[in-house]
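The values are calculated or read from the model by the stated rules, or taken from the named source; none is laboratory data. Because the structure is predicted, anything quoted here is derived from the model rather than measured. So basically every Cβ, Gly included, is an ideal-geometry build from the backbone, and we count neighbours across all protein chains shown.
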């Protein structure tokens with residue numbers, strides 16, 4: 001027994017298109033809906049013929065059941081809603097394989113909604129878009145199934161094994177509002193960005209916590225190690241001046257050199273000095289981290305200390321105590337100095353997160369926060385995949401050498 005052929009489907013479709021000229025001038029939407037209806041009905045007929053053992057109006061010993069008329073059901077696609085006739089069987093229930101019991105939308109719609117969420121559309125925007133394109137509101141069950149699938153993707157992203165050899169590790173935290181309304185609070189999103197020895201940049205993971213504390217960072221870094229991050233491969237850890245982060249990194253990662261962010265330090269120094277001295281003070285610090293080598297940087301630091309020791313003794317003492325952390329980047333490849341002496345690479349990640357998501361005001365709950373952060377971070381990882389971040393710097397360096 002043969003099922004409905006593609007030729008028969010196309011013949012039915014040709015009968016429905018009465019005026020090809022109209023299609024050229026804007027009637028494609030209704031034609032596509034008609035073709036979708038024909039295709040779905042043909043698929044249902046083909047399946048029920050295989051189930052019954054014979055074709056419609058056909059007799060034979062292979063029959064296993066009898067036809068029992070038709071029922072009508074609305075089917076939602078990603079661009080329209082069509083009503084199709086579904087054959088019925090007398091001895092058993094029948095639902096076509098492209099549909100699910102009690103589900104109006106086909107699986108393609110769920111995939112479309114998931115992609116819409118990952119593209120940055122909010123729940124309300126997805127609902128409005130589907131209503132305007134298909135004329136039908138997506139069911140709450142469909143949205144719930146999509147959110148459950150996204151939650152599985154978030155879990156896989158946060159627990160995936162880290163198989164790369166990471167040369168640099170950037171650590172920082174972004175702050176956002178959580179829970180809409182009078183009970184809104186601030187939450188912290190701890191983030192780790194790694195750079196491999198081949199120049200591949202990757203967001204390794206993120207965790208949501210109420211407070212940026214030493215214990216929170218210790219747990220986060222420990223879980224990164226459990227997933228495959230090898231401290232022995234790291235040449236440098238780069239972060240801001242949070243004491244809890246420094247202590248946790250030293251405890252979990254061992255004696256990996258730690259670089260404090262020069263951008264943060266300059267901002268803090270700028271706030272601590274008089275307005276009339278700011279330009280000169282910051283210019284002196286620029287000479288320190290722009291030096292050609294480590295010895296020159298230390299000499300510039302001593303000159304800066306002598307210049308400001310009398311007027312800002314506490315500030316100078318702080319810089320002197322942290323000088324080892326501030327000059328750690330000089331032990332790396334010279335091509336990488338400018339990139340690893342600040343936390344700008346991870347700050348740019350947070351800037352994209354704020355631009356795309358934090359503008360919503362606040363997250364409704366923990367899962368909504370995880371989905372929103374995952375959407376941006378996964379998109380950035382895909383954007384960076386296969387790109388060597390050192391190549392533009394290498395070309396620039398060669399160009400400057402040739403010009404000199």
Residue check for residue 305: without any contact (Cβ under 8 Å) to a residue 24 or more places away in the chain, out of contact with any strand residue (DSSP E or B) (no Cβ under 6 Å at 6 or more places or on another chain) and surrounded by fewer than 13 Cβ atoms within 10 Å (Cβ to Cβ): no
Any hit, region 173-191, residues being farther than 16 Å from residue 370 by Cα and modelled with pLDDT of 95 or more: no
Residue check for residue 202: assigned to a strand (DSSP E or B), in the same structural domain as residue 365 (by TED's automatic domain parsing) and at pLDDT 80 or above: yes
Scope region 255-277; condition assigned to a helix (DSSP H, G or I) and surrounded by fewer than 20 Cβ atoms within 10 Å (Cβ to Cβ); matching residues: 263, 264, 266, 267, 268, 270, 271, 272, 275, 276, 277
Unique residue being touching a helix residue (DSSP H, G or I) at 6+ places or on another chain (Cβ under 9 Å) and modelled with pLDDT under 95 when the list is 163, 122: 122
Pairs with Cβ under 6 Å, 6+ apart, first in region 253-271 and free of Cβ contacts under 8 Å to residues at least 24 places away in the same chain, second assigned to a helix (DSSP H, G or I) and crowded, with 17+ Cβ neighbours inside 10 Å: 254/231; 266/285
From 237, 252, residue being in contact with a helix residue (DSSP H, G or I) (Cβ under 9 Å, 6 or more places away or on another chain), at pLDDT 95 or above and not in a helix (DSSP H, G or I): 237
Counted residues, region 311-331 - those being touching a residue at least 24 places away in the same chain (Cβ under 8 Å) and part of a helix (DSSP H, G or I): 9
Qualifying residue in region 278-287 (condition: surrounded by 13 or more Cβ atoms within 10 Å (Cβ to Cβ), assigned by TED's automatic domain parsing to the domain that holds residue 341 and closer than 18 Å to residue 170 by Cβ): no
